[in-house]
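One structure is given here, and the rest of the page talks about it.
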Amino acid sequence: MTKRAGGMRIAFVSSAVPRRCGIATFSADLIAAVRASDPTVTCRIAAIEEPATLRPYPSDVRWRLRQGEPKSYRAAARSINSSNADVVNVQHEFGLYGTWEEPKFIAGRWTDSVYDDNLLQFLEELRKPVVTTMHTVLPRPTPSIREAVRKIAELSDEVIVMASTAVDILMNDYGLTKSPRVIPHGMPVIEPHGRLRFKAKLGVEGRPLISTFGLVDPRKGLQYMIEAMPDVVAQHPESLYLIAGQTHPDLLRVQGERYRNSLIAQTRSLGLDDHVAFIDSYMSQGDIIELLLATDVYVTPYLDPNQITSGTLSYALGAGKAVVSTRYLHASEALSDGRGVLVEFRDPGQLGRAVAEILSDSAAKKSLEQAAFAYAHDATWPRSARAFLDVMSGVMPAVSPKHGGRPQRKHVGDLGHRVPENPVLSASDVCPSLPGLEVVSVFNAAAARVDDDVVLLMRVGERPLVGAIPPADALTLDLTGPEPQLKQLGSGYGPEDVIGIAFLDTEHDPARVVEAFIPRGTPGLDLSDPRTIRYRNLTGGFTAAADDVSDFLTQMSHLRVARSRDGIHFQVEETPAILPANRFEEYGCEDPRATFIDGVWHITYVSVSRLGISTSRLTTTDFRSYHRHGLTFLPDHKDVVLFPGRAGGRFAALTRPMPQSFGRVLGIWIAFSDDLVHWGEHTPLALPRPGMWDELRTGASTVPFRVAGGWLEIYHGVDRNARYSLGALLLDGDEPSRVVARSPAPILVPTEPYERKGLYNDVVFACGHVPLDAAGENIRVYYGAADSCLAAADFKVQDILNQLQPC
């Protein structure tokens, strides 16, 4: 079992968007899938550029390599060596890294062309673990190609290919001694529905649609499918062959539009103007998905029998298309066993008959579609990304003279004693706030003793009922503009076709909670994190603003009170205590903390909206009526916890700013105020520690309380595996901006099933505690488990203090 990739830093060596090349597109898709699979992974790119070309890359591109210039490869390797990258992934294609020396006539005979791969110089210089992904594997290689590939494999910790056929070739024709790993070419998660709707969008209603997409060049063999169209039209007079994509930029530089013009001339000469059409534009992923969903038969009439990988074929399979293809290596493997129809190269007759027969036999067409979709299920981008991360993380622990290694951290047991009744509260204990919503999670509660009761102010997460049929007047969001806009969903959507969200619509007077249903097939939609819905506008762009990413929450949270005499068995109030009330709380109120100051409970909580993550404050004396004081800290700011008293005559608060620039260090700060309104003297207090249990991020959890040595704070830390645990800080009693001691290991880690598995796995996250005795020697900490339920654990304060390590 390989360890998880949490917090890994990966340097990708590849061409990069906006360069219009298949490897650049593949790498962009892979990086997006990796980030979606594990948001803690950081990805940076060493971009390979053509000579005399400059591009305005996005900020992820940190290094540049010049094709054909060996010095630039060595320089990039040295720079990556000095960076904090954990592992390197090389996306290898012969044309990106290699040069060919033309055959020469020597001593009465022609020599073979000689291939020289500049990647070897990069790998020889590199001192990081490296995984090489080979996009092309040529059977029966020339001696120079065989030797280059063997050396690349020897200098790589792992080699990835995208088809089992490539493994056989590398082992048999190249003599590799270690078997490469097979990870299929990724593809979007596509729901194969909506053919009629997308045909209407293209303006081809009622017409059988045959399509091919991708960069246009003669190797695609498009002229043979055009030549086949008269046979198709004879049986299906309304059929249309749609060729989508721009001319390959390398071909365009050398020949201009000569090839495209020849295709257009061929179309006219055959009288096919009404049956062959061209979309001369670079296809975004959203455009491609819509084209595929509208397509009846997808065709790859490619001419290279050695093509081992085809991204367009992978996409077509992922969309559940009936495919007709020539017998190149990838197609021969992917379309075997009834998953598609294979034809010979350069044979218009076979192409035409195969397409016409599929269009004539709806049962056979459906069988092909179902077989293709089932085959592609294991090759979606989320699955490919997880397999990729397993390989990348697998090479990291290896210790070698070249690559070095990381020390392993030993596990330390919990100090907390979980109550046997855990979890003490869960979603089934709380009724929804509105009809049409369901409670999904109950967690992260502020805790207080009020008279004889233990009071919890809990975060309650709700969403529209899952499995319900969207009503006739259901709303959705138009995400394509600068601001999301409500509009009618339209008919034809079942429960499985949409994901529901709830939010506060402050544009309406009065503000109202709206349920909206987002079609799962919306291009650019990322549902990989169960807590969020991320939409990425697929039009592209080079700046952070132009990336056009919008985030929504799958749950809308409010705060609800529960009361108990014994601190174990709680009675939950039927109505919310605090509901979202303004534009800063559009997505909800989260993670409260309650601090008792001068006879009043001051409650800080997180306000979440499109404007950011901010912190608000309210006050109460009885947890029955409340007075709002508005925003306390601007976005992005969370985990704000007030001290229950004054330090040096001033109020103090632990804070957690969330910077999105430069180092993006997410750690605990401290700030001071004279009036609880105006805050200053912001100072870092307890930042993440490399190599420790809290190396990814830290944040305040419970309200600090006085002990003999100062202020004791229980905080949360996140490790490289995205595991949330609890630890402690001892702060100076008079100068709480000084850390006296800190936990070298967690005091509570997720080990129980309800902590390991839930909405977000492997989480213990506390927001409150209460004393269990008058002296405060024992405390009960209430914590959210796996972002799903509420649990409790008892601690001896002295055990925590004994565990701390002086700073």
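Annotations for the structure displayed:
- Segment 58-71 residues that are more than 18 Å from residue 85 (Cβ to Cβ), paired with ones that are in a strand (DSSP E or B) and open to solvent by less than 80 Å² (accessible area, probe 1.4 Å) (beta carbon under 7 Å, 6 or more apart): 66/49; 67/48; 67/49; 68/99
- The conditions of being closer than 30 Å to residue 619 by Cα, open to solvent by 20 Å² or more (accessible area, probe 1.4 Å) and modelled with pLDDT under 90 are not met by residue 480.
- Hits in segment 579-614 (condition: among the acidic types (Asp, Glu), in contact with a Lys or Arg (Cβ under 7 Å, 6 or more places away or on another chain) and open to solvent by 10 Å² or more (accessible area, probe 1.4 Å)): 586, 590
- Just one of (1) within 31 Å of the chain's Cα centre (by Cα); (2) open to solvent by 10 Å² or more (accessible area, probe 1.4 Å); (3) modelled with pLDDT of 95 or more fails for residue 721. It is (3).
- For segment 72-90, the condition of being under 30 Å from residue 250 (Cα atoms) and at pLDDT below 85 holds for none of the residues.
- Among the candidates 276, 297, the residue that is farther than 25 Å from residue 330 by Cβ and of a type in the set (Val, Ile, Thr) is uniquely 276.
For every residue, the table says whether it meets (1) in a loop (DSSP other than H, G, I, E, B); (2) at pLDDT 90 or above.
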{"residue": "370", "(1), (2)": "no, yes"}
{"residue": "373", "(1), (2)": "no, no"}
{"residue": "378", "(1), (2)": "no, no"}
{"residue": "389", "(1), (2)": "no, yes"}
{"residue": "406", "(1), (2)": "yes, no"}
{"residue": "415", "(1), (2)": "yes, yes"}
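- For beta carbons closer than 8 Å, sequence separation of 6+ or different chains, a first residue in segment 266-288 that is closer than 14 Å to residue 241 by Cβ and among the charged types (D, E, K, R) and a second that is assigned to a helix (DSSP H, G or I) and open to solvent by less than 70 Å² (accessible area, probe 1.4 Å), the qualifying pairs are 273/267.
- Out of 684, 659, sole residue that is on the phi < 0 side of the Ramachandran plot, open to solvent by 30 Å² or more (accessible area, probe 1.4 Å) and in a loop (DSSP other than H, G, I, E, B): 659
- Any hit, segment 678-690, residues being in contact with a Phe, Trp or Tyr (Cβ under 9 Å, 6 or more places away or on another chain), among the polar types (S, T, N, Q) and closer than 19 Å to residue 606 by Cβ: no
- Sole residue being open to solvent by less than 20 Å² (accessible area, probe 1.4 Å) and at pLDDT 90 or above, chosen from 149, 182: 149
- Of the residues making up segment 154-179, those that are assigned to a helix (DSSP H, G or I) and either at pLDDT 95 or above or not small (Gly, Ala, Ser) (or both) are 154, 155, 165, 167, 168, 169, 170, 171, 172.
- Looking across segment 745-780, the residues that are over 21 Å from residue 430 (Cβ atoms) and open to solvent by less than 40 Å² (accessible area, probe 1.4 Å) come down to 745, 746, 747, 748, 749, 750, 762, 769, 776, 779.
- Candidate set: segment 59-84, residues that are assigned to a loop (DSSP other than H, G, I, E, B) and within 14 Å of residue 31 (Cβ to Cβ); chosen: the one most open to solvent (accessible area, probe 1.4 Å): 59
- The single condition from (1) among the β-branched types (Val, Ile, Thr); (2) farther than 22 Å from residue 328 by Cα; (3) open to solvent by less than 60 Å² (accessible area, probe 1.4 Å) that residue 189 fails is (3).
- Qualifying residues in segment 687-718 (those that are more than 22 Å from residue 781 (Cα to Cα) and either hydroxyl-bearing (Ser, Thr, Tyr) or in contact with a Lys or Arg (Cβ under 8 Å, 6 or more places away or on another chain) (or both)) - the one surrounded by the most Cβ atoms within 10 Å (Cβ to Cβ): 696
- Residue under evaluation residue 207, criteria (1) under 30 Å from residue 489 (Cβ atoms); (2) at pLDDT below 90; (3) part of a loop (DSSP other than H, G, I, E, B), criterion not met: (2)
- Each residue in segment 232-266 was checked for being hydrophobic (A, V, I, L, M, F, W, C) and under 23 Å from residue 287 (Cβ atoms), and 8 pass.
- Residue that is modelled with the lowest pLDDT [pool: residues in segment 192-204 that are open to solvent by less than 50 Å² (accessible area, probe 1.4 Å) and out of contact with any strand residue (DSSP E or B) (no Cβ under 7 Å at 6 or more places or on another chain)]: 194
- Among the residues of segment 615-649, the ones that are small (Gly, Ala, Ser), free of Cβ contacts under 8 Å to residues at least 40 places away in the same chain and open to solvent by less than 50 Å² (accessible area, probe 1.4 Å) come to 2 in all.
- Residue that is farthest from residue 782 (Cα to Cα) [pool: residues in segment 577-604 that are within 27 Å of the chain's Cα centre (by Cα) and in a strand (DSSP E or B)]: 588
- Residues in segment 218-242 that are open to solvent by less than 10 Å² (accessible area, probe 1.4 Å) and not in a strand (DSSP E or B) were compared, and the one that is farthest from residue 328 (Cα to Cα) is 239.
- Lone unmet requirement of (1) over 23 Å from residue 231 (Cβ atoms); (2) β-branched (Val, Ile, Thr); (3) modelled with pLDDT of 90 or more for residue 358: (1)
- Candidates in segment 506-527 are the residues that are free of Cβ contacts under 8 Å to residues at least 24 places away in the same chain and outside any loop (DSSP other than H, G, I, E, B); of these, the one that is most open to solvent (accessible area, probe 1.4 Å) is 512.
- Of all residues making up segment 535-574, the number that are part of a strand (DSSP E or B), farther than 18 Å from residue 588 by Cβ and modelled with pLDDT under 95: 3
- Residues satisfying the stated conditions in segment 172-208, i.e. basic (Lys, Arg) and under 22 Å from residue 28 (Cβ atoms): 181
- Filter result for residue 726 (over 23 Å from residue 793 (Cα atoms) and either under 32 Å from the mean Cα position of the chain (by Cα) or buried (at least 24 other Cβ atoms within 10 Å of the Cβ) (or both)): no
The values are calculated or read from the model by the stated rules, or taken from the named source; none is laboratory data. Here the structure is a predicted model, which means the values were calculated and not measured. Every residue, glycine as well, gets a Cβ built from its backbone with ideal geometry; the counts of neighbours run over all protein chains shown. Side chains included, ligands, DNA and RNA excluded: accessible areas come from the protein's heavy atoms. Shrake-Rupley method; radii C 1.70, N 1.55, O 1.52, S 1.80 Å.
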